[in-house]
1. Answer yes or no: is there a residue in the stretch 326-346 that is more than 16 Å from ligand 2 (Cβ to nearest atom), at positive phi and in a loop (DSSP other than H, G, I, E, B).
2. Among the residues of the stretch 330-379, how many are open to solvent by 30 Å² or more (accessible area, probe 1.4 Å), within 16 Å of ligand 1 (Cβ to nearest atom) and over 19 Å from GLY436 (Cβ atoms)?
3. Tell me, please, whether a residue that is touching a helix residue (DSSP H, G or I) at 6+ places or on another chain (Cβ under 6 Å) and within 11 Å of ligand 3 (Cβ to nearest atom) can be found in the stretch 307-321.
4. Does the stretch 86-97 hold any residues that are buried (at least 24 other Cβ atoms within 10 Å of the Cβ) and not small (Gly, Ala, Ser), and which are they?
5. In the stretch 234-246, how many residues are in contact with an Asp or Glu (Cβ under 7 Å, 6 or more places away or on another chain) and open to solvent by less than 30 Å² (accessible area, probe 1.4 Å)?
6. If the Cβ limit is 6 Å and pairs must be 6+ apart or interchain, which residue in the stretch 316-337 that is within 18 Å of GLU362 (Cα to Cα) pairs with which residue that is within 12 Å of ligand 3 (Cβ to nearest atom) and not in a loop (DSSP other than H, G, I, E, B)?
7. Scan the strands (runs of 3 or more DSSP E) fully inside the stretch 1-86 and keep the ones with 2 or more residues being on the phi < 0 side of the Ramachandran plot, among the polar types (S, T, N, Q) and in the same structural domain as SER106 (by TED's automatic domain parsing).
8. Taking the condition part of a loop (DSSP other than H, G, I, E, B) and within 16 Å of ligand 1 (Cβ to nearest atom), does GLY272 pass?
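The values are calculated or read from the model by the stated rules, or taken from the named source; none is laboratory data. Computed from a predicted structure; not experimentally measured. Cβ coordinates were reconstructed from backbone atoms using ideal geometry, including for glycine residues, and neighbour counts include every protein chain displayed. Quick note on the areas: whole protein, heavy atoms, side chains included, nothing else; ligands and nucleic acids left out. Shrake-Rupley method; radii C 1.70, N 1.55, O 1.52, S 1.80 Å.
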Amino acid sequence: MKINALHYANLSNQKSDCIILGVYEKGKFTASGDVINQASEGFLAKWIDSGEIKGELGQTLLLHNVPGISATRILLVGLGSKPTLQARQYSKVLKSAMKRLLDTPSKDVINCLPEVSVEQYDLAWRVRQAVIMAEDTTYQYNATKSKKQPKYVLETLNFNGEDKTLNNAIQQGQAIAAGMNACKALANLPSNICTPTYLANQALELAKEIKTLKARSLDVEEMKALGMGSLLAVGQGSREPARLIIIEHHGASDAAAQPYVLVGKGITFDTGGISIKPSGDMDEMKFDMCGAASVFGTLRAVAQLQLPINVVGLVASAENMPGGGAIKPGDIVTSMSGQTIEILNTDAEGRLVLCDALTYAERYNPKIVLDMATLTGAMMVSLGTEISGFFSNDDALAEDLAKAAKESDDPSWRLPLWRAYDEQLKSNFADLANIGLRWGGAITAACFLAHFTEKFRWAHFDIAGTATLSGKDKGATGRPVPLLTQYLLNQCE
Ligand code: BES
Ligand code: MN
Ligand code: ZN
């Protein structure tokens, strides 16, 4: 999609396939809506007065043959009753506008929705979010379909307003969206294609495509030599060998500048292992590498933005299967940190692969470490499917992340890293057990990880509820790429 910010001296005689305009309840327009309404001698207002569109948030009305207007179509979108929208409401407006627009054969479009005022955010931000929504809603999965869906005809999206900050905003939006869509593309692949080996090869491809990125991976033998007994244990029940994948972005002028390290859970399929899962909806466990996919996506965004920082992505990848060589409840492994772990439940495998990747992160002398994982069903119980939960051992880092979550409209909430629950992770036979009691399962999982992150500032994102959608919209969301990219952008200010 081509995206431009242009200055339109007179919108009414502007040739375009569609102009998107916001309208409040009671019929008030933003500036461009007034221009079009006047040029059409109140044609828009007539439809509002007749009740065809009430202006409720996200409501749409498509108009053709608007008199006095050169554009083929006018798409009206409801803005609700308040003059200033909240960021979430603005997203909803953008989304319904895009959904309606994509149903029309419009190629060249002028989107005036960023004219609306949004609490706390300026025009550049509003344009950026509109760019992300446009790219997000035009994502299509075709990789494994013999009949590809017809491509959307939308080619050019224009915004009203021209200056350098808008071009910058557009670039940011495009980079974040490219990261999200890269994340979705990987996450949506089935596990018979997307294996740990496939992910490792995709890292090499990414580094081939983007010159500032370097990629390599550690195979089973190399991980054995490093003592990654916990990560390897998860992969040992599968025919697919485990991998630790490393992607580096070198953007800082000081090559030795401490990097931001992103760690992703890359379980390409989670059967539960010997502690096998129930079969209903088990297909969705191909998404158990969404944390890994978010690392790939964020590195793409960071590289595209040429951020002047160093970033390292570490992906801990394995397939959790109940094969003849699989780990069994009660088995004890030694992690790279030296701590021994009693595996009481083989379905609590995410923390087992992450802990060794977190220990590996120490060698980078990281500025901070963030891990992303579809880690627990308990997190879905806690925060539902719209809010990601995160934990941190550092209050300043947690504040920065909460700020980035808001600014990127990627809702996330901090939960307590309640170390009293470490009690639940005690084992009679090892240093740690890999599960706690039933209640507070997202917190005990975070506490488990905390045993491997004492040497750096760290936060853990449990994205079990937010990385994917179920039902008819089944698929990856690309989250939390927006939050992560925003956090890293903010670090460059
Ligand atoms: N990958 C799952 C968590 C998950 C569940 C993600 C549902 C997305 C949707 C994870 O490996 C898992 O199985 N966790 C267990 C932990 C338990 C055994 C302590 C869980 O949440 O039930
Ligand atoms: Mn599991
Ligand atoms: Zn899992």
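1. Yes, that holds for at least one residue.
2. Going through the stretch 330-379 one residue at a time, the tally reaches 0.
3. Yes, because at least one residue in the stretch 307-321 is touching a helix residue (DSSP H, G or I) at 6+ places or on another chain (Cβ under 6 Å) and within 11 Å of ligand 3 (Cβ to nearest atom).
4. Here is the first cut: in the stretch 86-97, the ones buried (at least 24 other Cβ atoms within 10 Å of the Cβ) are 90, 93-94, 97.
Once the filter is applied, which keeps residues that are buried (at least 24 other Cβ atoms within 10 Å of the Cβ) and not small (Gly, Ala, Ser), the stretch 86-97 yields TYR90, VAL93, LEU94.
5. Number of matching residues: 3.
6. Short answer, once both residue conditions are applied: ALA316/GLY266; ALA316/VAL353; ALA316/LEU354.
7. So the answer is none; nothing clears 2.
8. In short, yes.
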